[in-house]
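Presented below is the structure to which this report refers.
Taken together, the values in this text are just the output of simple stated rules run on the coordinates, not laboratory data. Just so you know, these numbers come straight off a predicted model, no measurement behind them. Note: ideal-geometry Cβ built from the backbone for every residue, glycine included; neighbour counts use all protein chains shown.
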Amino acid sequence: MEADHDTTVHDKLTIPRLTFAGEADRIVYGENFGSVTVDIAGVLSKHKQALQQLGWDVVILPGSGMDHTKAMLPETVLPLIKPWLAANLLK
């Protein structure tokens, strides 16, 4: 990860970690919200290897229509997190 990120806390975490986003998970806010772009999928993709080295499971849900809204729907999330929870927390 970039030098300005504090990664020291990751050595202290002992819980399983999962992060995910849709392939098109990029939110562009208009002027009323500061004209900010939040590129969740881009950041996760860019830092995937570093995050995995820090103990994170990183999943980018495929599909050009897999935006933030679709990636957070129960029918998308549950098939992802149920087996992950079973494999990581129900041992």
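Any chance you could run the full-extension gain for ALA86 through MET72? It's 0.36 nm times the residue separation minus the Cα-Cα distance, nm to one decimal. Intermediate results must be reported in sequence, preceding the final value.
Numbers: separation 14, 0.36 × 14 = 5.04 nm, distance 1.96 nm.
Gain on stretching ALA86 to MET72: 3.1 nm.
Taking chymotrypsin sites (Phe, Trp or Tyr not before Pro) across the stretch 10-65, the ones in a DSSP loop with at most 11 further Cβ atoms lying within 10 angstrom of their Cβ are TYR29. Here the simple spin-label model places points 7 Å from the Cα toward Cβ, and for LYS12 and VAL38 these points are separated by 2.6 nm.
Going by the alpha-carbon gyration tensor, a ≥ b ≥ c the square roots of its eigenvalues, is the chain rounded (a/c under 1.5) or, if a/c is not under 1.5, prolate (a/b greater than b/c) versus oblate?
Details: a/c = 2.30, a/b = 1.20, b/c = 1.92.
Oblate is the answer for the chain, as a/c is 1.5 or above yet b/c matches or exceeds a/b.
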